[in-house]
Amino acid sequence: MAKDIYGVNEWGDGLITVLENGHIGLCHPDNPAQAPTDLLSLIQNLQQRGIETPVLLRITDFLKSRIDEINQSFASAIAEYDYKGRYQGVFPIKVNQQAEVIERIAEYGRLYDFGFEVGSKAELLIALSLNLGERAAIICNGIKDTEFLQLAMMSMKLGFNIFIVLESPRELELVLDVVKDSDIRPQLGIRIKLTNTVSGKWAESSGDRSTFGLTIAQIMDVVERLRETGYLDCLKLQHSHLGSQIPSIIEIRKSAQEACQFFAELRREGVPLTYLDLGGGLGVDYTGEQSAAANSINYSLKEYCLNIIETVKDMMDSNGVEHPTIITESGRACVAQSSLLIFNVLEATHFDSEYEVVAEENDHPLLLKMLEIQTYLNRERIQECWNDLKYYREEIRALFRRNQVSLAMTARTERAYLYLMNRIKTVLLDPEAMTEDMHEALVQAADIYHCNFSLFQSLPDVWAIDQLHPLAPIQRLHEAPVRAAILSDITCDSDGKIDKFVLGEGISDTLPVHDLIEGEDYYLGVFFVGAYQETLGDLHNLFGDTNVVTVALSEDGGFDILKEQDGDTIYEVLSYVEYEPKQLIAAFKANVEKAVKGGRLSPSDRRQMLRSYTDSMNGYTYFEHAEH
Ligand SMILES: Cc1ncc(COP(=O)(O)O)c(C=O)c1O
């Protein structure tokens, strides 16, 4: 059945299904009894309203259910193991910075004190404008400049539960510089580089060679420096990012174990840690294989939570350390499933034809031999037929180049080739006839379905890191697909194609598709694109366009500046991701006002904080030199 061809049952995770009418259905995650929404009808309705494909659909119910599931699974694991600490998740804003998504996560997560992880000034400004639960954490990761640190530390006075995670010994000196001569006692975290490596596409973000975090030697230096300056009591959190899309649960356990051992040892050194942040890593089963393969995972969300809680509890108990509050920074697992991209197919290029070519008296002998292939075309001799077909075509092409056959005869041969290719494909519908060479030939001869989307804009990871997303037609799924295709986008770039697909029987180089019907739209859906896909690569962490300067070298060894273009301000990049910066400022102002009313902030602090926030908003997205 067509449903199994695309593996919807395997990867659909109870959210995506195939309806009786052959359309894709979207199921309500919390109410399986509710009739699924017909995706084709939804798209057609949008079309009537003037909203054309390609369209990115964000399904809020999927998002809410994921936030609930993560928090509730941790809560039941805590109850099951009688863990004495709490769980408090944070969402890493870089995984999906869009205002609509962030605001919903804040809303759905308030109940659970779900917070945010920020990796840049722009992301910090977003987090500070949100209405978060009382204990929700804001984890400041990434390399920070003085302006970032000042704003983060002052915002603690507003009641935000902010942690400044030290990524390097240099950053500690910047922090000490900001707090000197003030009464600020910042909440600090320390990012520890785990030695344990994990597998998968993001293996490099773990182990000794990972970019961020302190080595064992540096950790001891930082602890000593904090002790000597009188700030050791501020070090509350240990951050140990396990990785991203970790395929195997055993690897998660091992890394968590190592993180716990560091925690216990640091406690022994007199560091008053109470928060253990295990970063990201909880994966998504994009292929539905339930295996430790790159685009899959061999564990469930429940298992992940149980294993984390069990590991931390066992490790802390064996070290005689109180159970810490556990933080995770699951980005992908929160949002991937909640967005899907729908686009229409514009046209198809076929590399075979049903148009029969019949031998004629004046045909070139090589063409006649080519047409004779039909007389021995069967499963046993399929490879021979394919070899002969290629050979005769190449020979005719060679003769054409040497002016020995006409254009018309060459064209007849090309048509005969396409027809015979079609005949060969028919025999190959019987999978037992398939050899490795023939498989390759078939892929070479696959149709190209030209689709109305840009890979670079909408699915950057498919292009950049061979990320696989489930992909299927959203209609005609009760009809067997009769063709095999790869997909090409509308950018004028040969890389703008998709040629790896998740199917029920495994990963395939072609996608089974239906013939296009004149006058009827044929839509394809790419599922689970909510994480890392919505914002183009160069806006990662909301770092925008850099400043651009055009320079000519002058004769005296100097230079002339021909043109200066200012890079993006934070104000500008925030507008690109659907924020209304004026509203952010207003929301921040309201938070500040609350702190003044509550006596946590003086009126002059208020002025300084507002100035600092608006200065950042109008500043460059990259690091700026501190003003002296
Ligand atoms: C520090 C940190 N936290 C969290 C994440 C999110 O990871 P994931 O999306 O796998 O949950 C990342 C991404 O690599 C990260 O670098």
- Item | the range 260-291: GluC sites (Glu not before Pro) in DSSP coil with no more than 15 other Cβ atoms inside 10 Å | 269
- Item | Kirkwood Rh, Cα atoms: Rg over Rh of the range 86-204 | 0.99
- Message: What do you get for the angle between helix 99-109 and the principal long axis of the chain? Use alpha-carbon atoms, 0 to 90 degrees, nearest ten.
- Response: 60
- Query: Tell me, in nm to one decimal, what length is gained between residue 578 and residue 177 on full extension, where the rule is 0.36 nm per residue of separation less the Cα-Cα distance?
  - Reply: 140.8 nm
- What percentage of all Cα-Cα pairs in the range 449-488 are separated by more than 16 Å? 48
- Query: Roughly what angle does helix 146-155 make with the longest principal axis of the chain, taking Cα atoms, 0 to 90 degrees, to the nearest 10?
  - Reply: 70
- Item | Over the range 462-514: Rg over Rh, Cα atoms, Kirkwood Rh | 0.98
- Taking only the alpha carbons of the range 1-76, what extent do you get along each of the three principal axes, in Å, biggest first? 44, 33, 22
- Message: Given Cβ point charges of +1 (Lys, Arg) and -1 (Asp, Glu) and nothing else, what value in debye, to the nearest 20, does the dipole of the chain about its Cα centre take?
- Response: 1800
- Task: May I have the extent of the alpha carbons of the range 62-338 along their three principal axes, as whole Å values ordered from largest to smallest?
- Result: 56, 42, 35
- Item | With Cα atoms, 0 to 90° folded angle of helix 301-319 axis to the chain main axis | 40
- Note on the structure: Rg/Rh over Cα atoms for the chain, Kirkwood Rh, comes to 1.07
- Message: Can you compute the charge dipole magnitude of the range 2-106 about its Cα centre, using +1 on each Lys and Arg Cβ and -1 on each Asp and Glu Cβ, nothing else charged? Give it in debye, rounded to the nearest 20.
- Response: 400
- Message: Taking just the alpha-carbon atoms of the range 365-442, what radius of gyration and Dmax come out, in angstrom?
- Response: 13.0, 42
- Item | the range 22-81: GluC sites (Glu not before Pro) in DSSP loop, at most 12 other beta carbons within 10 Å | 52
- Task: Let me know the volume per residue of the alpha-carbon convex hull for the range 199-344, in Å³.
- Result: 128
- At most 15 other Cβ atoms within 10 Å and a DSSP loop assignment: could you name the trypsin sites (Lys or Arg not before Pro) in the range 40-140 that fit? 49, 84, 135
- Task: Treat each spin label as a single point 7 Å out from the Cα along the C-beta direction, and report the residue 552 to residue 400 distance in nm.
- Result: 5.0
- Task: Rounding to the nearest 20 debye, state how big the charge dipole of the range 245-390 is about its Cα centre with +1 on each Lys and Arg Cβ and -1 on each Asp and Glu Cβ.
- Result: 860
- So, how do all the Cα-to-Cα distances of the range 356-398 break down into 10 Å bins, in percent, from 0 on up? 28, 53, 18, 0
- Message: Checking the table 84/180; 84/157; 180/236 against a 31 Å threshold on Cα-Cα, which pairs fail?
- Response: 84/180
- Task: Give the cross-link partners of residue 94 among the lysines, using a straight C-alpha distance below 16 Å as the criterion and excluding same-chain residues fewer than 8 apart.
- Result: 121, 144
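Coordinate-derived values only; no laboratory data. Note that the structure is a prediction, hence the values are computed from the model and not measured. For neighbour counting, all protein chains shown are included, and Cβ atoms are generated from backbone atoms with ideal geometry for every residue, glycine included.
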